[in-house]
1. Based on the mean of other beta carbon atoms within 10 Å per residue, what is the order of 104-110, 123-129, 208-214, most packed first?
2. Can you give me the distance in nm between label points at residue 120 and residue 154, each placed 7 Å from the Cα along the Cα-to-Cβ direction?
3. Within the P(r) computed for segment 209-251, what percentage of the Cα pairs occupies the region above 13 Å?
4. Expressed in nm to one decimal, what extension gain is obtained for the pair residue 17 and residue 139 from 0.36 nm per residue of sequence separation less their Cα-Cα distance?
5. For segment 61-117, go through all pairs of different Cα atoms, get the mean of 1/r, take its inverse, and jot down that Kirkwood value in Å.
6. I'd like the projected area of segment 1-131, averaged over all directions, using the convex hull of its alpha carbons. Report it in nm² with one decimal.
7. Separation between the residue 112 and residue 28 pseudo-spin-labels, each 7 Å from Cα along Cα→Cβ, expressed in nm?
8. Report the full-extension gain for the segment residue 222 to residue 258: residue separation times 0.36 nm, less the Cα-Cα distance, to one decimal in nm.
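Derivation of every value follows stated rules applied to the coordinates shown; laboratory data play no part. Remember, it's a predicted structure, so these values are computed and weren't measured experimentally. Cβ: placed from backbone, ideal geometry, glycine included. Neighbour counts: every protein chain shown.
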Ligand code: ADP
Ligand code: MG
């Protein structure tokens with residue numbers, strides 16, 4: 001949303017703030033995030049853009065608490081609550097939401113059942129939530145029967161991203177992290193999802209950190225600030241014009257070859273959650289897979 005709209009305020013005035021300060025994090029001794037400072041307030045949209053491997057998904061995962069990442073320094077708070085000491089579900093209850101770059105398939109659990117459980121856990125009226133789910137299905141032009149099918153199983157990339165957006169609409173988080181919400185979407189689905197998120201910034205004062213490669217997402221979801229991430233640090237921050245500048249010149253043109261180059265890849269290290277992690281992990285023979293895992297990795 002535009003700054004003018006923020007200043008005008010909305011009928012549901014809220015004042016949440018995600019504050020990230022000097023955040024450093026890595027995997028298996030490899031430092032990926034090297035000092036991130038960012039403040040996202042209710043109603044604001046912050047776009048994070050950056051070359052492949054610059055640490056964008058790592059930032060989203062570390063904030064949401066994916067097992068296996070080590071926080072090496074700094075802090076992240078939501079309304080003053082230290083997020084980094086919480087389990088992922090506690091971060092969700094504190095008001096943080098993550099739309100995954102690669103939404104996870106959950107056989108046996110429908111989107112409807114998932115949202116009803118979340119509503120019950122939050123002490124919300126389940127009948128009212130049912131009505132909200134139906135309203136969101138219409139807003140997003142989602143095939144209604146998909147709500148009762150196993151979550152994300154055998155869905156197209158676009159349908160999965162609509163599922164993520166629908167959850168955001170019903171759960172009404174304070175701050176949403178969107179990791180490439182636009183990837184895999186056709187033009188109509190992109191518009192529907194981006195408009196839905198933009199409306200949430202205005203209707204309920206949602207604050208957004210939107211990771212994207214393309215300024216087209218920002219045509220509908222209007223960024224107040226754009227930050228360029230390279231090698232784990234923000235190297236440029238500016239207004240929405242920065243996204244257009246990037247589109248014109250590319251990362252190489254803006255940052256120079258060294259910063260724009262893919263971070264050294266090396267052999268990926270599998271993320272193994274701590275022993276007491278309730279989800280188990282890729283390395284644990286009995287447990288289910290890491291719920292955040294990128295299935296294409
Ligand atoms: P982006 O989302 O910006 O493309 P990522 O945050 O996914 O980048 O990755 C940033 C860097 O961290 C990359 O160099 C990637 O290879 C590395 N990385 C991410 N996860 C792991 C991991 N589990 N083990 C080793 N390196 C990783
Ligand atoms: Mg990524």
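1. Numbers: 104-110: 13.3, 123-129: 11.7, 208-214: 22.9.
Top of the packing list down: 208-214, 104-110, 123-129.
2. 2.7 nm
3. The calculated P(r) of segment 209-251 puts 50 percent of pairs beyond 13 Å.
4. Working: separation 122, 0.36 × 122 = 43.92 nm, distance 2.73 nm.
Length gained, residue 17 through residue 139: 41.2 nm.
5. Numbers: mean 1/r = 0.0771 Å⁻¹.
Result for segment 61-117 stands at 13.0 Å.
6. On the way: hull surface 41.1 nm².
Average projection, Cα convex hull of segment 1-131: 10.3 nm².
7. My value for the distance between the label points is 4.3 nm.
8. Values: separation 36, 0.36 × 36 = 12.96 nm, distance 2.97 nm.
Roughly 10.0 nm would be gained on extension.
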